[in-house]
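One structure is given here, and the rest of the page talks about it.
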Amino acid sequence: MNGLRSWLARRLLLGAGQTVAVVLLVFALTEALPGDAAVALAGDQPDPARIAAIRETMHLDRPAHERLASWTAGLLHGDLGTSLTSGRPVSSYLADGFGPTLLLAALTLLLLVPLAGGLGVLAARHEGRLVDRLISSVTLGVYAVPEFAFGVLLVTVFALRLDWLPPTAVGYGDDLLAHPAALVLPVLVLLSRPVCSLARLVRAGMIDALASPYVAQARRYGIPGARIRYTHALPNALAPAAQQLARTVDWLLCGVIVVEALFVIPGLGTVLINAVAERDVPVIQGLAVVFGCTAVVLNLGADLATYRLVPRTGVAA
């Protein structure tokens with residue numbers, strides 16, 4: 001128990017440091033964006049006086065370190081800032097786009113774990129045989145295709161040629177759950193690469209675990225094969241898969257931007273794309289901080305899950 005507490009304390013300190021680094025990096029990168037937000041907001045024929053007034057209103061005339069301190073203080077109080085273009089709180093943009101993005105991510109993860117785990121275990125059980133070679137070849141081939149290209153291929157085949165599914169979510173609004181057909185292609189695109197990487201990882205872990213001395217000893221004791229696979233070998237195979245799953249969720253935060261843009265889904269990815277196009281710096285900063293902090297929390301959770309599955313992994317941490 002003491003070892004778990006000290007390990008957890010180290011991980012929490014590391015997470016706090018990573019969160020601070022995310023905040024500083026987001027601010028630095030948005031400061032480095034080309035152009036001037038005041039000029040963009042002033043219109044097609046900006047007047048110098050109007051530009052100066054906008055800069056003063058948005059506090060762009062203050063030094064960067066003062067703006068960083070003010071922005072960080074707001075973050076500590078849950079204030080993500082105010083949009084430059086609409087005057088709305090950034091949190092309202094998050095609330096508007098959170099539902100569709102959460103739905104896509106939840107459906108993807110709900111299908112990802114059983115699909116990847118099942119394919120990995122199936123390939124490991126038939127190591128070197130036709131089933132194993134088929135799963136390995138297909139997963140490798142699908143993983144090599146970029147998400148955008150794979151999405152365009154699916155739209156071309158299933159929406160335009162066969163007319164089985166809608167090509168985009170236009171006309172369905174925010175309630176995508178009431179229109180499941182509009183979710184099929186986006187979820188397939190989001191699943192394509194994570195299923196392949198996790199299945200291959202579970203396969204490799206299962207093969208190593210099934211070849212380990214404790215599994216051989218269990219077989220000598222006459223323990224049934226299914227119990228050996230799912231009670232003894234699978235937890236050890238899932239330890240690295242848990243970390244990969246957290247990285248997969250990190251990837252989903254980026255992949256959802258591509259998918260929402262391709263299928264015109266009004267989620268956080270679309271909000272971010274629109275903010276970049278309008279150079280709405282507070283919205284960009286707010287979304288980037290939320291994405292970054294989410295990645296930190298997910299990785300901490302994956303480390304904890306790995307530690308609980310295979311406690312010896314915490315020794316090297």
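The values are calculated or read from the model by the stated rules, or taken from the named source; none is laboratory data. The structure displayed is predicted, hence computed values, not measured ones. Heads up, the Cβs are rebuilt from the backbone with ideal geometry, glycines too, and the neighbour counts pull from every protein chain shown. What goes into the accessible areas is simple: the full protein's heavy atoms, side chains included, and nothing from ligands, DNA or RNA. Shrake-Rupley method; radii C 1.70, N 1.55, O 1.52, S 1.80 Å.
Got a number for carbon plus sulfur as a percent of the chain's accessible area, 1.4 Å probe?
Roughly 67 percent, rounded to a whole number.
So if the hydrodynamic radius of the stretch 86-156 is defined as the Kirkwood radius over C-alpha pairs, what does Stokes-Einstein give as its diffusion coefficient at 20 °C and 1.002 mPa s, in µm² per second?
Result for D is 140 µm²/s.
Would you work out if the stretch 136-266 is rounded, prolate or oblate? Take a ≥ b ≥ c from the square roots of the eigenvalues of the alpha-carbon gyration tensor; rounded if a/c is under 1.5, else prolate when a/b is larger than b/c, oblate otherwise.
prolate
Set the Förster radius R0 to 51 Å, insert the Cβ-Cβ distance between SER212 and ALA49 as r into 1/(1 + (r/R0)^6), and round the FRET efficiency to 0.05.
The value I calculate is 0.10.
D for the stretch 44-143, whole µm²/s, Stokes-Einstein with Kirkwood Rh over alpha-carbon pairs at 4 °C and 1.567 mPa s: what number?
Rounded to a whole number, D works out at 69 µm²/s.
Mind ranking HIS126, HIS77 by accessible surface for me, highest first, 1.4 Å probe?
Accessible-area ranking of HIS126, HIS77, largest first: HIS77, HIS126.
At 1.4 Å probe size, with every protein chain present, just tell me what the per residue accessible area of the chain comes to in Å².
Using a 1.4 Å probe on heavy atoms only, each residue of the chain averages 53 Å².
Using DSSP to define loop residues, name the chymotrypsin sites (Phe, Trp or Tyr not before Pro) in the stretch 195-284 whose beta-carbon has at most 13 other beta-carbon atoms within 10 Å.
Passing both the DSSP loop test and the Cβ count: TYR221.
By what distance, in whole Å, do the Cα atoms of the chain stretch along each of the three principal axes, largest value first?
85, 59, 31
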